[in-house]
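Values quoted throughout were computed directly from the atomic coordinates according to the rules given, and no laboratory measurement underlies them. Note that the coordinates shown come from a computational prediction; the quantities given were computed from them, not determined experimentally. Cβ coordinates were reconstructed from backbone atoms using ideal geometry, including for glycine residues, and neighbour counts include every protein chain displayed.
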Amino acid sequence: MILITGGTGYIGSHVAVELVINGHEVLIIDNLSNSSKKALEGLKKITQKDIIFEKIDLRNSNALEKLFDKYSFEAVIHLAGLKSVKKSNEIPSEYFENNVQGTRNLISVMKKSKVKKLVFSSSATVYGIPKSLPIYESSDIGNTTSIYGKTKYMVENILREIWEKDNEWQICILRYFNPIGAHSSGLIGESPKGIPDNLLPYLFNVASGVLKELEIFGDDYSTPDGSGIRDYIHIEDLSKGHLCALEYLSDKHNISFFNLGTGNGFSVFEIIKTFKKVTNIDIPYKVVGRRSGDISEIFADVSLAKKNLNWTAKKTLEEMIYDGWNWQKKNLNLND
Ligand code: NAD
Ligand code: UDP
């Protein structure tokens, strides 16, 4: 059985589907701080299986211990955590507590129970401001521009130390670029609580009339059209990367790091144009100042994941937007 922490969340729910349809037994824990049990209904419809769910907070070591006493896990895919760049700078201690201390609690229970196979959700934010592009796994890390990024960097370092002390661990660190879209069934997708910070969920809410207009955070970057460039990846491709990571870890006692992106960068204006092409909807927008902590441009080199994980992203930006919008149209309420 595979434990997925944060499994009712956006990425976790898609990873759960991928694992279950490929024959894995899965158990989800989540404290539901940024998701709801509704995701479990979607999971059941897609997989035709009941997935065991336990409401557990990673900050509660006792609850984690009881969980590991009750079930026998083969591996853990650890996605639970807080992810807002903006909020992380406003409430840093909560971010350290959830993302860093929460992970320490998890690792210590895993160690006690001799479960030493771990896939961890890191982020391209660990690279900070890129010195050159594309970004390789060997590029500099640590010069992060937010507390959120710092928590990911800290966890990566903790995991390196754990592995150096005990080579029995099997650790795969996945550095996600910008996951977007939704499952092609339209049954699960991204439902952040409150007003979204990320571009696509915000844009979808503008398109559906829930929010008035999109604010473009800066058109004066040194990119071709002046807006920020990111490497957007379809959530289904990203989820498949986790299955490949588990397969990779089956015979490797090492710690490894992989970029999960497409290798292509798109600007905010290109996203708006592609949204129009796919849906025929114009997005009202205004250009405002740069968002604090934002970088101009980032996209991945993805050859290492291709070589070692035998994984590559396949879906186009059009498919990402189509599937994301298909989900959003059916889930119009913020705070749902
Ligand atoms: P999400 O908020 O949808 O999912 C995270 C889940 O973790 C939520 O369901 C939340 O309720 C749960 N959670 C938070 N703190 C918890 C705690 N202390 N105990 C138990 N559960 C807790 O976010 P997501 O987009 O699915 O992200 C999953 C992981 O991937 C996160 O670690 C995030 O930092 C990382 N990541 C996300 C992105 C992105 O753009 N979505 C990019 C890079 C990395
Ligand atoms: N962005 C924007 N308006 C928004 C949200 C995001 O212009 O309401 C821009 C942001 O400056 C960045 C890109 O869209 O260039 C992607 O932002 P997101 O927050 O989705 O991802 P991240 O910056 O964390 O990579």
Inset, instruction - Could you size up the charge dipole of the range 280-330 around its Cα centre, putting +1 on the beta carbon of Lys and Arg and -1 on that of Asp and Glu, and report it in debye to the nearest 20? - result: 160 debye
Inset, instruction - Pairs to check: LYS55/LYS114; LYS193/LYS286; LYS70/LYS240. Give those whose C-alpha atoms are more than 26 Å from each other in this structure. - result: LYS70/LYS240
Legend entry - Isotropic mean projected area of the C-alpha convex hull, the range 273-336 (nm²): 7.4 nm²
Legend entry - the range 179-224 - Rg (one decimal) and Dmax (whole number), Cα, Å: 12.9, 39
Legend entry - Binned Cα-Cα distances of the range 174-301, short to long, each 5 Å bin given as a whole percent: 2, 9, 17, 20, 20, 14, 8, 5, 3, 1, 0
Inset, instruction - Work through the residues other than THR262 whose Cβ is under 10 Å from its Cβ and net out their charges, Lys, Arg +1 and Asp, Glu -1. - result: 0
Legend entry - Extension reserve of the ASP251-GLU161 stretch, reckoned as 0.36 nm per residue once the Cα distance is removed: 30.3 nm
Legend entry - Order by protection proxy (mean Cβ within 10 Å, highest first), peptides 142-150, 47-55: 142-150, 47-55
Legend entry - Whole-angstrom Cα spans of the range 1-102 along principal axes, big to small: 41, 29, 18
Inset, instruction - Give, in whole angstrom and from largest to smallest, the semi-axes √(5λ) of the equivalent ellipsoid of the range 46-160, with λ running over the eigenvalues of the Cα gyration tensor. - result: 28, 16, 14
Legend entry - When the range 131-214 is reduced to its Cα atoms, the Kirkwood hydrodynamic radius in Å: 16.4 Å
Legend entry - Kirkwood hydrodynamic radius of the chain, Cα pairs, Å: 20.1 Å
Inset, instruction - Provide the FRET efficiency to the nearest 0.05 for the LYS330-SER113 pair, computing r from the beta carbons and using R0 = 45 Å. - result: 0.70
Legend entry - Two-site FRET efficiency, PHE73 against LEU304, from Cβ-Cβ distance with R₀ of 22 Å, rounded to 0.05: 0.20
Legend entry - Rounded to 10°, Cα long-axis angle of helix 147-165 versus longest principal axis of the chain: 30 degrees
Legend entry - Fewest-first ranking of PHE120, PHE299, using other Cβ atoms within 10 Å as the exposure measure: PHE299, PHE120
Legend entry - Angle between the chain longest axis and helix 317-330 axis [Cα atoms, degrees, rounded to 10]: 80 degrees
Legend entry - the chain: angle of helix 102-112 to the longest principal axis, Cα-based, in degrees nearest 10: 30 degrees
